[in-house]
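Notes follow once the structure below has been shown.
What follows is calculated from the coordinates using simple rules that are stated; it is not laboratory data. Nothing here was measured: the structure is a model prediction, and the numbers come from that model. We place every Cβ from the backbone using ideal geometry, glycine too, and count neighbours over all the protein chains shown.
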Amino acid sequence: MAEPAQSPAVDGRRLRSERTRRRIIEAYLALLSEDLRVPTSAQIAERAGYSVRSVFERFPDLLSLRIAATDHAFALGSAQAAVRNADGDRSTRIRSQVETRSRTCESWLPLWRALNANQGESAELKLRIRLARELIMKRLELMYRPELSVLDERARKHTLIALEALTDFESWARMRELYGLSIEQGCALWIRIVDRILPPTPAR
Amino acid sequence: MDDPMASTAVAPNAESAPRKAPRVDGRRLRSERTRRLIVEAYMALVRENAQMPTAAQIAERAGYSVRSIFERFPDLTALRVAVTDYAIAEARAHASLRDLDAPRATRIRSQVEQRARTCERWQPLWRVLSMDASQSPDLDQRITVIRQLIVMRMEMMFKPELSAVASSDRRKVVLALEAITAFESWARMRELYALSVDAASAVWVRAIDRLLPATPS
């Protein structure tokens with residue numbers, strides 16, 4: 001059954017409202033990446049080019065905005081992190097996974113830090129952090145399936161946890177911020193670490 | 001490198017300095033005790049709530065007024081710095097080096113057990129202290145010192161294996177060891193994957209064993 005057509009005026013209003021919403025979210029994310037402190041509503045409004053009232057018309061409070069920004073980031077991050085080379089040889093899979101993960105860490109570290117710092121205030125934020133980690137684990141399982149398949153369940157779980165810890169946002173941040181490694185150097189180190197942690201690849 | 005304990009430290013069980021007049025001594029001791037109680041109240045609140053406490057909460061827990069807090073610490077960041085110094089001093093006192101000359105497996109186990117105890121005790125505080133640390137040079141410096149202490153300890157514990165590889169490779173191995181045994185790694189294993197202390201320690205033992213180069217004969 002065909003849905004009733006909306007008038008062009010209503011459509012235009014909805015589109016403008018969505019665009020405003022997206023600009024507010026983008027302003028929030030831009031401010032986070034420039035300054036690790038959680039931005040105020042006044043800063044967000046100024047950056048987005050709207051009034052503070054406009055911000056609160058679309059988001060009842062800053063927590064709602066943080067949750068919306070997280071969902072926006074997940075959608076973008078998932079699109080950027082499409083699974084590639086899952087059937088490649090060991091070194092191709094390790095390189096592909098490390099490059100994807102490094103891009104994600106490079107893009108989303110400020111948001112990730114803000115989320116972790118504020119997760120205590122919201123069950124919804126906690127849920128999103130948990131979901132993100134589950135997705136990371138599933139991806140690791142998929143990319144390193146041949147190697148993980150030779151391990152018993154306990155060893156497989158331990159290996160996955162170690163891989164996740166080693167290629168975590170904070171691990172990336174330490175390499176880049178504390179030790180001054182370039183993206184290429186950081187990736188090279190991760191490739192080496194992952195190769196050491198993974199068991200030998202079984203013959204096909 | 002400056003000694004992070006030199007300026008604002010409130011050492012656990014701090015001993016008194018050379019004597020002056022008894023009255024002055026008494027005032028100073030009371031002031032130090034107040035400072036220590038405020039620091040301890042801060043740490044207790046962080047352990048209970050895993051969040052940065054407010055001045056009012058700290059004052060209530062310590063049994064002083066909010067004004068008393070700000071008489072001793074110009075702001076909450078200065079208090080966070082003092083808490084960090086206290087934590088560094090206490091962690092150092094409890095993290096003596098053992099089994100340095102033991103076989104590889106013993107050294108790995110010893111290092112993991114000590115690090116697990118440290119993470120178990122200090123992880124909530126670490127999370128709160130390292131939050132926004134880059135906004136305060138004093139706090140940022142303490143975080144760097146903590147990381148350097150962790151790295152130095154690993155370099156000593158795994159000296160035979162690390163000395164067998166070139167310096168550039170040694171740095172990479174140390175970076176990997178630091179990442180795997182980070183506070184955040186421990187927190188995830190305990191909170192997200194609900195591993196027991198023993199199971200989480202087993203993950204670290206296995207990972208370190210794989211990351212370390214072969215032990216020279």
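Relative contact order of segment B:98-211: what whole-number percent is it, with Cα pairs under 8 angstrom and at least 6 residues apart? Can you show the working numbers first?
Numbers: 68 pairs, mean separation 38.5, N = 114.
Relative contact order, segment B:98-211: 34 percent.
Measuring between their Cα centroids, segment B:182-217 and segment B:83-119 lie 14 Å from each other. The distance from the alpha carbon centre of segment A:149-204 to that of segment A:42-61 is 40 Å, rounded to a whole number. When segment A:125-202 is described by a simple charge dipole with +1 on each Lys and Arg Cβ and -1 on each Asp and Glu Cβ, the residue from A:187, A:167, A:202 located farthest towards its positive end is A:167. Annotation for segment A:147-185: chymotrypsin sites (Phe, Trp or Tyr not before Pro) lying in DSSP loop with at most 16 further Cβ atoms inside 10 Å of their Cβ are A:179. Across segment B:196-212, rounded Karplus estimates of 3J(HN,Hα) from the backbone phi angles (6.51 cos²θ - 1.76 cosθ + 1.60, θ = phi - 60°) give 5, 4, 5, 5, 5, 5, 5, 4, 5, 4, 5, 5, 5, 4, 6, 7, 6 Hz, Gly and Pro being marked x.
When you restrict to C-alpha pairs under 8 Å that are six or more residues apart and normalise by the size of chain B, the relative contact order lands at 21 percent. Its Cα gyration tensor gives segment B:98-211 an equivalent ellipsoid. The semi-axes, each the square root of 5 times an eigenvalue, are 24, 19, 12 Å from largest down. Computed from backbone phi with θ = phi - 60° and the Karplus coefficients 6.51, -1.76 and 1.60, the 3J(HN,Hα) list for segment B:103-118 is x, 3, 4, 5, 5, 4, 4, 4, 5, 5, 5, 5, 5, 5, 4, 4 Hz; x is used for glycine and proline.
How big is D for chain A, in µm² s⁻¹ as a whole number, if Stokes-Einstein is applied with the Kirkwood radius of its Cα pairs at 10 °C and 1.306 mPa s?
Working: Rh = 19.3 Å.
Approximately 82 µm²/s, per Stokes-Einstein.
Per-residue Karplus couplings for segment B:149-156, computed as 6.51 cos²θ - 1.76 cosθ + 1.60 with θ equal to phi - 60°, are listed in order as 5, 4, 5, 4, 5, 5, 4, 6 Hz, Gly and Pro entered as x.
Normalised Debye scattering of segment A:17-128 at q = 0.23 Å⁻¹ gives log10 I(q)/I(0) of -1.26, counting only Cα atoms as equal scatterers and leaving out solvent. Taking amide hydrogens as placed 1.01 Å from N in the peptide plane, the amide H of residue B:195 sits under 5 Å from those of B:190, each at least 5 positions away in sequence or on another chain. I need to check one value: relative contact order of chain A, counting alpha carbon pairs closer than 8 Å and at least 6 residues apart, in percent. The value is 19 percent. Of all aspartates and glutamates in the structure, those lying under 19 Å Cα to Cα from residue B:159, and not within fewer than 8 positions of it along the same chain, are B:99, B:101, B:113, B:169, B:178, B:209.
Taking 20 Å as the straight-line reach from the Cα of residue A:126, the aspartates and glutamates in range (excluding those fewer than 8 positions away in the same chain) are A:61, A:71, A:134, A:164, A:168, A:170, B:48, B:132, B:184, B:191.
Checking the a/c ratio against 1.5 first, then a/b against b/c, what shape does the Cα gyration tensor give for segment B:22-73? Cα axes put segment B:22-73 in the prolate bin.
Kirkwood Rh over alpha-carbon pairs of the protein assembly as shown, then Stokes-Einstein at 25 °C and 0.890 mPa s: what D in µm² s⁻¹, rounded to an integer? Before the final figure, lay out each step's value.
Details: Rh = 24.1 Å.
Result for D is 102 µm²/s.
With a ≥ b ≥ c taken as the square roots of the eigenvalues of the C-alpha gyration tensor of segment A:83-197, please select rounded if a/c is under 1.5 and otherwise prolate if a/b is larger than b/c or oblate if it is not? Since a/c reaches 1.5 but b/c is at least a/b, the shape of segment A:83-197 is classed as oblate.
When each full DSSP H helix of chain A is screened for a Cα extent of at least 24 Å along its own axis and an average Kyte-Doolittle hydropathy of at least 0.0, the helices passing are A:62-80, A:123-143.
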